[in-house]
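Here the structure is laid out as structure tokens; the discussion comes afterwards.
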């Protein structure tokens, strides 16, 4: 299996080698062309300078007999680093810058083609052995010596240098290039190793954290900051957020199982106790009807619990697909739902305040589901409104939303409890001695239905007034 380090190293080395090959493929030809051009220019310049010097000395006598010219020629040759020969108009070598006074080049002739080209066209730059005059091919620059008085051709100057000098310089440049390339390659490997180690460390930490998390250590988190890159920090933060959500989900799952167990255990214990009492005679026969009614109530409560849990599961699984979207009058649904609680409201002598638009309010939603929301909220309000308290129902429009508010007087709910009201099986009465008819799913169903609609619900509780406010889209 390839690691991050090996992949990064392979990519880096491939790029470095490719860059070196591309540079070598372009740099060396460019350098060779530059060196050859520079050599030709230097040879041409040297040949022109010697030709001008020869023309100047020619006025004072024969060049081969002029020692001042010979000394100047030797000096110029040494300074320029080139070999120079001087020929007469026929192409015969009369002077040479060799160390020997009478060298083997004297008396020999240059190729006729070169002599004619210089005589007719002027300066010439070629590569040649000069018909065996030199050993090996050389770079040559030939220039005519023109008399200052008659402008006639009085000789030819040939400046030359060996190819090996240019080749040696190219070879040396290649050596330097390879040395620099190896240094760059070594530095790239070191830098790549450091970067790969820096990048792979947080990945390994996340992998270890994920393994620990999978083994039940739900408090495991990945460290952020330090030498991590911005992307690594984002990944670590996303991992930590995921771990936090999973931890909370696990906690809610545990609480859910505990709550379900409690909700099921209590009525089943009651049912078993009453049935055993009637069977063993502990409960007199004349009391059987009373206790059978209690058993029936508990069975119905269990049935409501199971039905509501199935409804919630269906909504969670299918989402909006479970809703029958339609346009309906929200005012009519509010009014009809309120009338269904008339008997309970009268029993508690409650005051009811209603504020609904006379012209009605059309909304786009699932009417049956919204009716369940309204009834659950009204049931909750009636249940916790004290004797002689007040129940308020209002509907307003804000922008493209219909805002419904259901309020009731009663005990103020602590601020820390408000976010928990919509949790499954949550009851403000921790002892569960009150609200025996409820199963703790009413407000959770409300929240689930409105979430499925993509709408919000908020709750406030101040100075003995608790209000639930939810929104729906206007049609």
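Observations, loosely collected:
- Any chance residue 137 is surrounded by 13 or more Cβ atoms within 10 Å (Cβ to Cβ), free of Cβ contacts under 8 Å to residues at least 60 places away in the same chain and over 19 Å from residue 74 (Cβ atoms): yes
- Hits in the stretch 121-143 (condition: farther than 16 Å from residue 92 by Cα and in contact with a helix residue (DSSP H, G or I) (Cβ under 9 Å, 6 or more places away or on another chain)): 123, 124, 125, 126, 127, 128, 136, 137, 138, 139, 140, 141
- Looking across the stretch 337-360, the residues that are part of a helix (DSSP H, G or I) and either out of contact with any helix residue (DSSP H, G or I) (no Cβ under 8 Å at 6 or more places or on another chain) or buried (at least 21 other Cβ atoms within 10 Å of the Cβ) (or both) come down to 337, 339, 342, 343, 346, 347.
- Strands (runs of 3 or more DSSP E) wholly inside the stretch 361-424 containing at least 3 residues that are touching a residue at least 60 places away in the same chain (Cβ under 8 Å) and out of contact with any strand residue (DSSP E or B) (no Cβ under 9 Å at 6 or more places or on another chain): none
- Filtered residue count, the stretch 144-189, keeping only those that are in a helix (DSSP H, G or I), touching a helix residue (DSSP H, G or I) at 6+ places or on another chain (Cβ under 7 Å) and closer than 30 Å to residue 85 by Cα: 3
- Annotation note: of 252, 227, the sole residue that is within 28 Å of residue 209 (Cβ to Cβ), at pLDDT below 70 and assigned to a helix (DSSP H, G or I) is 252.
- Per the conditions (1) at pLDDT 75 or above; (2) surrounded by 12 or more Cβ atoms within 10 Å (Cβ to Cβ); (3) within 30 Å of residue 242 (Cβ to Cβ), the sole criterion not satisfied by residue 153 is (3).
- The set of residues from the stretch 211-243 being farther than 21 Å from residue 254 by Cβ, surrounded by 15 or more Cβ atoms within 10 Å (Cβ to Cβ) and in contact (Cβ under 8 Å) with a residue 24 or more places away in the chain comprises 228, 232, 235, 236, 239.
- Only one of the numbered conditions (1) in contact with a helix residue (DSSP H, G or I) (Cβ under 6 Å, 6 or more places away or on another chain); (2) not in a helix (DSSP H, G or I) is violated by residue 192, and that is (2).
- Residues being at pLDDT below 70 and loosely packed, with under 13 Cβ neighbours inside 10 Å - total across the stretch 255-265: 2
The values are calculated or read from the model by the stated rules, or taken from the named source; none is laboratory data. On a predicted model such as this, the values are computed, not experimentally measured, just so you know. Please note: Cβ atoms are built from the backbone with ideal geometry, for glycine as well, and neighbour counts cover all protein chains shown.
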